[in-house]
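Take a look at the structure below.
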Amino acid sequence: MNIQFTLLSEGSSDQALLPILSFVLRERGAETVESQWADIGRLREPPQALPDQIRTAIDLYPCDLLFVHRDADRVGHDFRREEIICGLDAAEIDVASVCVVPVRMTETWLLIDEHAIREAAGRPQGRAALNLPQLRRLEEEAYPKAALHQALRDASELRGRRLRDFPVTQRVRRVAELIGDYGALRGLSAFRALEQEVRTALDQFADRTARRD
């Protein structure tokens, strides 16, 4: 099965989700995976309502599978998921779709691999303490973006001006690329929900493909 997917997310930093979603698809049997991030913010008049964002993403970034991302933040996984489902229903698109709702935010899922963080920071053999949360406590981490950014800065072992100039946002995306195996996240409820939705969406995609053939 060959899959091309589009990610519609809240911001450019959420491109870090692309390697995670590719991993899930490969785990579910996709032989080749092509990914693209829907950069609708570059438009002169970006759509504001979620259904309009969804339609625009599909028009500009055609795909077999659409991932729509929202962080749970403080309103919770179920609320955000329902928000996405309502947006998809209103958009009336004929593309298999998946809700992506990390508890808190995307960075929660990148706090699982100390070595990847050290390598992304440019010090794979570093010894600075990173104080990463335990896996079972990840979804309780109140500020995962701040925690990941601080871990990267600590791992860099830089000081002064060099630390101030450290491109932490770019290094976050590098962490996502370096992790490779996200199987450890199956201990988290939101990730298990994502895998289940991907399984359902791939079944829908296979059914549609069969009908067209």
Do the conditions hold for residue 204, that is, is it open to solvent by 80 Å² or more (accessible area, probe 1.4 Å) and either in contact (Cβ under 8 Å) with a residue 40 or more places away in the chain or over 15 Å from the mean Cα position of the chain (by Cα) (or both)? no
Hits in the stretch 39-69 - residues which are touching a residue at least 60 places away in the same chain (Cβ under 8 Å) and open to solvent by less than 30 Å² (accessible area, probe 1.4 Å): 65, 66, 67, 68, 69
Top-ranked residue in the stretch 100-134 [being part of a loop (DSSP other than H, G, I, E, B), within 16 Å of the chain's Cα centre (by Cα) and of a type in the set (D, E, K, R); ranked as surrounded by the fewest Cβ atoms within 10 Å (Cβ to Cβ)]: 113
List the number of the failed condition for residue 13; all other conditions in (1) outside any helix (DSSP H, G or I); (2) farther than 22 Å from residue 91 by Cα hold. (1)
Selection count, the stretch 115-157, where residues are within 23 Å of residue 191 (Cα to Cα), touching a helix residue (DSSP H, G or I) at 6+ places or on another chain (Cβ under 8 Å) and among the charged types (D, E, K, R): 4
Failed condition for residue 72, given (1) open to solvent by less than 20 Å² (accessible area, probe 1.4 Å); (2) touching a Lys or Arg at 6+ places or on another chain (Cβ under 6 Å); (3) within 16 Å of residue 15 (Cα to Cα), with all others met? (3)
Among the residues in the stretch 69-76, are any at pLDDT below 95 and over 29 Å from residue 146 (Cα atoms)? no
Of the residues that sit in the stretch 8-38 and are aliphatic (A, V, I, L, M), in contact with a strand residue (DSSP E or B) (Cβ under 8 Å, 6 or more places away or on another chain) and more than 13 Å from residue 64 (Cβ to Cβ), which one is most open to solvent (accessible area, probe 1.4 Å)? 18
What number of residues in the stretch 108-150 are modelled with pLDDT under 90 and under 25 Å from residue 5 (Cα atoms)? 1
Residue 172 is checked against (1) in contact with a strand residue (DSSP E or B) (Cβ under 9 Å, 6 or more places away or on another chain); (2) buried (at least 21 other Cβ atoms within 10 Å of the Cβ); (3) outside any loop (DSSP other than H, G, I, E, B) and fails just one. What number does that condition carry? (1)
Any residue at all in the stretch 84-99 that's surrounded by 15 or more Cβ atoms within 10 Å (Cβ to Cβ) and out of contact with any helix residue (DSSP H, G or I) (no Cβ under 7 Å at 6 or more places or on another chain)? yes
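The values are calculated or read from the model by the stated rules, or taken from the named source; none is laboratory data. Predicted model, so just to flag it, every value in this text is computed and none were measured. Neighbour counts run over all protein chains shown; Cβ positions are idealised from the backbone, glycine included. Heads up: the accessible areas ignore ligands, DNA and RNA and are worked out on the full protein's heavy atoms, side chains in. Shrake-Rupley method; radii C 1.70, N 1.55, O 1.52, S 1.80 Å.
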